[in-house]
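A short worksheet on the structure shown next.
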């Protein structure tokens with residue numbers, strides 16, 4: 001049913017563009033019917049969109065507290081410095097300054 005409403009609105013937009021340019025040459029008719037079809041597709045997509053359905057959540061497959069779900073990563077973001085658990089890069093030495101002018105030689 002939604003698909004037929006969508007197609008009907010696209011065809012209605014195409015017909016409106018064709019009626020608006022009935023006395024012009026064929027190129028103008030084609031362009032205005034395409035613009036009408038584009039507007040009809042936008043209106044049809046907005047009117048037939050289902051807002052009540054949700055996709056499958058990532059949290060359904062993960063075990064809470066393991067640190068791999070998005071909620072666990074968000075909760076421990078500052079502790080883990082933005083890296084996923086067990087994937088942190090090694091810490092650099094405290095005296096390691098790569099761009100010091102006295103070390104450039």
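All of the numbers you see were taken from the coordinates with simple rules; none came from a lab. All of these numbers come straight from a predicted model, not from anything done at the bench.
List of remarks:
- Full-extension gain in nm, residue 83 to residue 8, via 0.36 nm per residue minus C-alpha separation: 22.0 nm
- Two-decimal log10 I(q)/I(0) for segment 2-47, as the Debye equation yields it once each C-alpha is a single scatterer, q = 0.24, 0.33 Å⁻¹: -0.69, -1.02
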